Amino acid sequence: MSISRARLDRFISEKCQVNRKAVRLLLAQKRISVDNVIATDIAQPIDKFSVISFDDKIIQQHQALYIMLYKPVGVVCATKDKQHKTVIDLLSELLTADEKASLHIVGRLDLNTSGLVLLTNDSRWSEQLTSPINKVTKHYLVTLQEPLTNDYIKAFAKGMYFDYEKITTKPVILHILSQYQAEVILTEGRYHQIKRMFGRFNNPVTALHRTSIGHFVLDKDLLVGESQFIKLSDLL
Ligand code: URA
């Protein structure tokens, strides 16, 4: 999903219900501005975050939203669900219904996984985080039913063939933290990937928690179910 780029003339024509000739006239009369600069080019590219004014009245203004949420177990990573509470339902009252509706989830977690979930309405940002080219790391804390052995480290690093998708997983780093706990670092996100990888050792995952995505670390002051805006200065 990418932010659709549009031309200014098409936007004005649709929004103000005027034809393209009338749009040219409005521009010649200096009545349209984009991001506080008077527009002169009918073909000027705009996107949904461009602030567009007509006679000093704002006709488009969408704020880019970047949110970090501490997802509890039992909440579904979806925008709507008939059975379970969704991550959108958990978002604070600070967001309007329209803002909530504009959001998408950057890398889902399973129903019974807890931890860091990012949400945004800026698909350029989410694409950077999810594109396989960028190999963004995701850290998980995994608790297992059976004891871990060093054999896991090699098998995870080598990659595992998933017959259903006909792919071999990218190298996965596994740090053994204790007999039943490991940190797992992924650079991709295959369906139920961690559970399936431990499944190869017949070792069920009893708890799974995501602690970070790239340089975004779940804020230690955030309580389970809480969310907060990510500061623009932290985005880079
Ligand atoms: N791997 C899983 O098995 N589940 C998750 O939620 C994330 C990674």
Among the residues of the stretch 149-204, which ones are within 15 Å of the ligand (Cβ to nearest atom), open to solvent by 50 Å² or more (accessible area, probe 1.4 Å), among the hydrophobic types (A, V, I, L, M, F, W, C) and farther than 23 Å from HIS215 by Cα? PHE201
Please indicate, with yes or no, whether at least one residue in the stretch 218-230 is out of contact with any helix residue (DSSP H, G or I) (no Cβ under 7 Å at 6 or more places or on another chain), free of Cβ contacts under 8 Å to residues at least 12 places away in the same chain and more than 16 Å from the ligand (Cβ to nearest atom). yes
Residues located in the stretch 55-96, provided they are under 27 Å from VAL136 (Cα atoms), among the aliphatic types (A, V, I, L, M) and in a strand (DSSP E or B): ILE67, MET68, LEU69, VAL76
Sort out which residues of the stretch 83-116 are in contact (Cβ under 8 Å) with a residue 40 or more places away in the chain and among the hydroxyl-bearing types (Ser, Thr, Tyr), and write them in order of number. SER92, SER102, THR113, SER114
Any chance the stretch 38-53 includes a residue that's outside the structural domain of SER123 (by TED's automatic domain parsing), in a helix (DSSP H, G or I) and over 24 Å from LEU103 (Cα atoms)? no
Based on this model, can you work out whether VAL51 counts as at pLDDT 95 or above and surrounded by 14 or more Cβ atoms within 10 Å (Cβ to Cβ)? no
Would it be correct to say that GLU99 is away from the ligand (no atom under 16 Å from the Cβ), assigned to a loop (DSSP other than H, G, I, E, B) and surrounded by fewer than 17 Cβ atoms within 10 Å (Cβ to Cβ)? no
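The values are calculated or read from the model by the stated rules, or taken from the named source; none is laboratory data. Only a predicted model underlies this, so the values are computations on that prediction, with no experimental measurement involved. FYI the Cβ positions are ideal-geometry reconstructions off the backbone, even for glycines, and counts take in every protein chain you see. Accessible surface areas use protein heavy atoms only, side chains included; no ligands, DNA or RNA. Shrake-Rupley method; radii C 1.70, N 1.55, O 1.52, S 1.80 Å.
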